[in-house]
Amino acid sequence: MSAIPPCPKCESIYVYEDGTNLVCPECAHEWNPNEVIVDPDAIILKDAVGNLLAEEDKVTLIKDLKVKGTSIVLKVGTKAVIKRFVDADHDIDCKVDGHGQMMLKSKFVRKQN
């Protein structure tokens, strides 16, 4: 008999199988052990052409962007590395080559292959 994992909600060891699902009798949580668990709080972003972005991805700008409050313009093709995602208007915190840390919108970048 295979080892049944404990309940992911309450860590109970009294889990039993019910068809393809596992059931915890203590908290009544049911789950399919073969499904991939997705974090509901995770931020999922896509670039300008629909590719999924991840932290540490390398991206390039698809249009010239003026940096607010300065005379700097980030040119098309400027490269950047995504450091983290933020739940805000400018949703990518990244390091732009030659300009340092900046916040960008995902719709203005394209993932590099």
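Just so it is clear, none of the values below were taken in a lab; they were calculated from the coordinates. Given the structure is predicted, the values throughout are model-derived calculations rather than measurements. No Cβ is skipped: glycine too gets one built from the backbone with ideal geometry, and neighbour counts run over all protein chains shown.
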Across V49, V38, V86, the residue with the highest GNM fluctuation in the chain (Cα network, 10 Å cutoff) is V38
Here the gain from full extension of I72 to L52, 0.36 nm per residue of separation minus their alpha-carbon distance, amounts to 4.4 nm
Under the rule rounded for a/c under 1.5, else prolate if a/b exceeds b/c, else oblate, using alpha carbon gyration tensor axes a ≥ b ≥ c, the chain is classed as prolate
Any aspartates and glutamates whose Cα falls less than 20 Å from that of K83, other than same-chain ones fewer than 8 residues away, would be D39, D41, D47, E55, E56, D57, D91, D93, D97
Checked the stretch 22-80 with the C-alpha gyration tensor, a ≥ b ≥ c its square-rooted eigenvalues, rounded below a/c of 1.5, otherwise prolate if a/b is larger than b/c and oblate if not; verdict prolate
Across D39, D97, D18, the residue with the highest GNM fluctuation in the chain (Cα network, 10 Å cutoff) is D18
With a 31 Å threshold on alpha-carbon distance, the violating pairs from K9/K107; K9/K111; K66/K111; K46/K66 are K9/K107; K9/K111
Quick calc, K107 & V81: beta-carbon distance into FRET formula, R0 22 Å, rounding 0.05, result 0.75
In order over the stretch 27-38: 3J(HN,Hα) from phi, Karplus 6.51/-1.76/1.60, θ = phi - 60°, whole Hz, x for each Gly or Pro, gives 10, 6, 7, 10, 7, 9, x, 8, 7, 7, 7, 9
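Want the number for E30 to I43: 0.36 nm per residue separation, take away the alpha-carbon distance, what's left?
That pair, E30 and I43, stretches by 2.2 nm at full extension.
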